[in-house]
């Protein structure tokens, strides 16, 4: 994992994005924010489990399906299984130590 602060590569309205093996943040103070780093580390694990490229394909397809269902991009984003898992567990700094393989499926 490599943490970089690059505002221009992070989508507007977001504090971070993970593109294996990089975590891109908008603000250098977020490097010290354990919750946001944990959230992005959960995405690193998800990307590794799906061998990176299939993760992004699944993510994109699920986003489009959710967007079609609810007609709201933010709600669609928050209901993607990968995001649901990450948001539900971002404050548990021990989550990744006990997380099961493909745990995100429980959030479908």
Residue in region 61-70 that is in a helix (DSSP H, G or I) and under 14 Å from the mean Cα position of the chain (by Cα) present: yes
Residue that is surrounded by the most Cβ atoms within 10 Å (Cβ to Cβ) [pool: residues in region 4-31 that are over 19 Å from residue 91 (Cβ atoms) and in contact with a helix residue (DSSP H, G or I) (Cβ under 6 Å, 6 or more places away or on another chain)]: 24
Some residue of region 55-69 being touching a strand residue (DSSP E or B) at 6+ places or on another chain (Cβ under 9 Å) and free of Cβ contacts under 8 Å to residues at least 60 places away in the same chain: yes
Which listed residue, of 106, 34, is surrounded by fewer than 18 Cβ atoms within 10 Å (Cβ to Cβ), touching a helix residue (DSSP H, G or I) at 6+ places or on another chain (Cβ under 9 Å), modelled with pLDDT of 95 or more and over 22 Å from residue 12 (Cβ atoms): 106
Any pair with Cβ under 9 angstrom, 6 or more apart, that starts in region 79-100 at a residue that is closer than 16 Å to residue 50 by Cα and ends at one that is at pLDDT below 95 and outside any helix (DSSP H, G or I): 81/108
Per-region count, region 21-39, residues without any contact (Cβ under 8 Å) to a residue 40 or more places away in the chain and under 11 Å from the mean Cα position of the chain (by Cα): 2
Odd one out for residue 48 among (1) loosely packed, with under 15 Cβ neighbours inside 10 Å; (2) free of Cβ contacts under 8 Å to residues at least 24 places away in the same chain; (3) within 17 Å of residue 17 (Cα to Cα): (2)
Any hit, region 31-47, residues being under 21 Å from residue 104 (Cβ atoms) and in a loop (DSSP other than H, G, I, E, B): no
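The values are calculated or read from the model by the stated rules, or taken from the named source; none is laboratory data. The structure presented is a predicted model; accordingly, all values stated were derived computationally and were not measured. Cβ coordinates were reconstructed from backbone atoms using ideal geometry, including for glycine residues, and neighbour counts include every protein chain displayed.
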